[in-house]
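Engineer: Sharing a structure below in structure tokens format, with a few things to ask.
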Protein chains: 2
Amino acid sequence: MRGSAAGVGAATGRGAVRALASVTAATVRTSALIMGLMVEQLPLDVIARLRAIDPAISPEQARASWELLTPFHERAGYTAPRIDRDLSYGAHPRHRLDVHGSDSPAPGLVPVFVFVHGGGFVGGDKYTPGTPRYDLVGAWAVRHGLVGVTMTHRLAPEFTWPAGAQDVAAAVAWLRANIADYGGDPDRIIVAGNSAGAVHVSAFIAGQANTGQHSATLDGVRGAVMLSGIYAARELQPGEPGAAYYGANPAEETATLPGLLESSVPLLFSVAERDGPAFHEAAAGLVTAWLVRHGTVPDLVWVDGHNHMSTIGSLIVDEAALGVPLARFIERNTAVIG
Amino acid sequence: MRGSAAGVGAATGRGAVRALASVTAATVRTSALIMGLMVEQLPLDVIARLRAIDPAISPEQARASWELLTPFHERAGYTAPRIDRDLSYGAHPRHRLDVHGSDSPAPGLVPVFVFVHGGGFVGGDKYTPGTPRYDLVGAWAVRHGLVGVTMTHRLAPEFTWPAGAQDVAAAVAWLRANIADYGGDPDRIIVAGNSAGAVHVSAFIAGQANTGQHSATLDGVRGAVMLSGIYAARELQPGEPGAAYYGANPAEETATLPGLLESSVPLLFSVAERDGPAFHEAAAGLVTAWLVRHGTVPDLVWVDGHNHMSTIGSLIVDEAALGVPLARFIERNTAVIG
């Protein structure tokens, strides 16, 4: 029987969508609608090209990915209004962090989103001038009402395990003491990392920064985010990423999975659709171990269309892929419910 | 060093957000911003209450969940502008489907989103008057520029395996023949189900509707979505949900996982954060099997805050939880990239 029922929400929803379209047309922001949803997304042909990039992790993968992403970041803007560059959180030259903030800060202290870059344990940086890397993460944080922090850490072969975890701990300690001066709440810190950075974050959460006299507190850490990381014990061949970092330390001692399983810190994981095989294995192993330990599947995001190198670049310009669940995780764990 | 760099996108992004806020204030839509993102989300205190509901699957869980969700559905509107009710796709009284469409249809044919309800294999319906269930799914589809279809299917104990798969196949066949009259594209059908409905969808994909003379074609099926389903072989105790449906059929014969692993149809799975233990086990088992077969983790959404009963109710009012990745999956698999 043919019927007609006007859904108020449906009718006005379209009006709101059209109004938004006219608003965003006036901005430089990339606002491709997902079928009427107001979420930043890359155009479908760009996602298809991204998805087609060889999943092998290589400089070519990075180059091809950022070649696709960078125009969108340039159009959207990938630089927070205020950046305090190269603040020192420790003695080493790589103990540096950048604080990204708003030019019209909120009246109270806001949560802090810290990003630890990857680079195979031997490279990478928080800031490559003339590229979105990784000021885009600070800009994303500020757009979401947070204070953003991007940090560097010491590298192998000069520094070995657990230097990465120690540096994350040292940076968090510095933030606990200082970030209020920049509008950040020392009691609401979310620590995130991708690739080797995700491993360092996981090691920090697993307590591997605790050494002798030094106890790396997790006070104030309201969540940890590990993008494309590896958590289980595994044997590394000489020359393999991580081999120089882990050295002769037994895999069972450096693996972070047991510590993650016991952690009371809320954890968010991601694996990219086109991630490398080892990272898919790691995510699947995480799921299995989590089910055995907790009886549930962990909070794991499958990052549609993206690869190992592009995942962090999805922020701002392809929010449906990672940014939306990431924002929800941060909000869930830092909101003050009155 | 203190610096200031104006991010064009960041500045205008806030302008766009404020403009949207004034637009949506004029509508009846629930538009809670996730920290500046323009995605429908339940208020945080409501999500917290939802998350606190006992994960045991029961009528009380359903009652408590919909008690929380329904006011938001009522405010947003859960009824598509046009509904063609109780169209017959087969001989049995439960071979009925509702077609949900727009009052201002697109010039061409649009993809079709079909929803198969759950109910423990022995109950459930496509339409419970005076409630959002499950017209909300049709409304969600229309908001996203699709034609929506909600369907009923035959129930145990009167009808046993593989009746559910056969009914999904029959409905799809009817849609292939008729949905163009309603603006839907017979070559771009996405089939979705939750709980027992997810199992029936998985069985259809796995080829279990093929019986003797009847071959259930997957032509035109561009994707399948299984929310809180169970896929692996398992023994059921008498009285357990599914026992009446599966009867004496061997578990190995009725399990859908082997067929899913071999399917060329794009598949999206979900498990709710607060789903029942069996559904978390099923999702973890799916991940393991998928990794062994494909070397990757499958497209699995962890539905934040939700339980077994509330997951489908997240559509429209809590889009970050499921609707966003679901919309992306549909768009990815039905878009015509010119």
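The values are calculated or read from the model by the stated rules, or taken from the named source; none is laboratory data. This structure is a prediction, so every number in the text was calculated from the model and none was measured. Every residue, glycine among them, receives a Cβ derived from its backbone with ideal geometry; neighbour counts consider all protein chains shown. The accessibility values were calculated without ligands, DNA or RNA, using every heavy atom of the protein model including side chains. Shrake-Rupley method; radii C 1.70, N 1.55, O 1.52, S 1.80 Å.
Engineer: Restricting to the range B:156-183, and then to whatever is assigned to a loop (DSSP other than H, G, I, E, B) and not hydrophobic (A, V, I, L, M, F, W, C), can you tell me which residue is nearest to B:Leu146 (Cα to Cα)?
Structural biologist: By that ranking, first place goes to B:Gly183.
Engineer: Still on this structure, please answer the following. Would you pick out the residues in the range A:135-158 that are touching a residue at least 60 places away in the same chain (Cβ under 8 Å) and more than 14 Å from chain B (Cβ to nearest Cβ)?
Structural biologist: Once the filter is applied, which keeps residues that are touching a residue at least 60 places away in the same chain (Cβ under 8 Å) and more than 14 Å from chain B (Cβ to nearest Cβ), the range A:135-158 yields A:Met151, A:Arg154, A:Leu155, A:Ala156, A:Pro157.
Engineer: Within the range B:207-222, identify whether any single residue is hydroxyl-bearing (Ser, Thr, Tyr), within 29 Å of B:Pro325 (Cα to Cα) and surrounded by fewer than 24 Cβ atoms within 10 Å (Cβ to Cβ), and answer yes or no.
Structural biologist: Checked the range B:207-222: at least one residue is hydroxyl-bearing (Ser, Thr, Tyr), within 29 Å of B:Pro325 (Cα to Cα) and surrounded by fewer than 24 Cβ atoms within 10 Å (Cβ to Cβ).
Engineer: Which residues, counting only those in the range B:47-63, are open to solvent by less than 30 Å² (accessible area, probe 1.4 Å) and within 20 Å of the chain's Cα centre (by Cα)?
Structural biologist: Those that are open to solvent by less than 30 Å² (accessible area, probe 1.4 Å) and within 20 Å of the chain's Cα centre (by Cα): B:Ile47, B:Leu50, B:Gln61, B:Ala62.
Engineer: Report, by residue number, each residue of the range A:162-176 that is of a type in the set (A, V, I, L, M, F, W, C) and open to solvent by less than 40 Å² (accessible area, probe 1.4 Å).
Structural biologist: A:Ala163, A:Ala165, A:Val168, A:Ala169, A:Ala170, A:Ala171, A:Val172, A:Leu175, listed by residue number.
Engineer: If you don't mind, there's one more thing I want to ask. How many residues does the range A:144-203 contain that are of a type in the set (Phe, Trp, Tyr) and within 16 Å of A:Phe115 (Cα to Cα)?
Structural biologist: Total meeting the criteria: 1.
Engineer: Here's something else I'd like to know. Determine whether B:Val287 is more than 9 Å from chain A (Cβ to nearest Cβ), among the aliphatic types (A, V, I, L, M) and within 23 Å of B:Pro55 (Cα to Cα).
Structural biologist: No: the conditions fail for B:Val287.
Engineer: Can you tell me which residue is farthest from B:Gly138 (Cα to Cα) among those in the range B:177-206 that are open to solvent by less than 30 Å² (accessible area, probe 1.4 Å) and of a type in the set (Ser, Thr, Tyr)?
Structural biologist: Restricting to residues being open to solvent by less than 30 Å² (accessible area, probe 1.4 Å) and of a type in the set (Ser, Thr, Tyr), the top hit is B:Ser202.
Engineer: Would you mention how many residues in the range B:136-152 are surrounded by fewer than 24 Cβ atoms within 10 Å (Cβ to Cβ) and assigned to a helix (DSSP H, G or I)?
Structural biologist: Looking only at that region, the number is 0.
Engineer: Ok, one more. Could you tell me which of the residues B:Ser270, B:Ser228, B:Ser264, B:Ser310 is free of Cβ contacts under 8 Å to residues at least 24 places away in the same chain and under 23 Å from the mean Cα position of the chain (by Cα)?
Structural biologist: B:Ser264
Engineer: Mind listing whichever residues of the range B:72-98 are among the basic types (Lys, Arg) and more than 10 Å from every other protein chain (Cβ to nearest Cβ)?
Structural biologist: Residues satisfying the conditions are B:Arg94, B:Arg96.
Engineer: Here is a further query. Which of the residues spanning the range B:231-243 are closer than 19 Å to B:Phe159 by Cβ and modelled with pLDDT of 90 or more?
Structural biologist: The answer is B:Gly242, B:Ala243.
Engineer: Looking at the range B:127-134, is at least one residue under 15 Å from B:Ser195 (Cβ atoms) and either surrounded by 23 or more Cβ atoms within 10 Å (Cβ to Cβ) or out of contact with any Asp or Glu (no Cβ under 7 Å at 6 or more places or on another chain) (or both)?
Structural biologist: Yes, the range B:127-134 contains at least one residue that is under 15 Å from B:Ser195 (Cβ atoms) and either surrounded by 23 or more Cβ atoms within 10 Å (Cβ to Cβ) or out of contact with any Asp or Glu (no Cβ under 7 Å at 6 or more places or on another chain) (or both).
Engineer: When you scan the range B:223-242, how many residues do you find that are open to solvent by less than 20 Å² (accessible area, probe 1.4 Å) and among the polar types (S, T, N, Q)?
Structural biologist: Here the count works out to 1.
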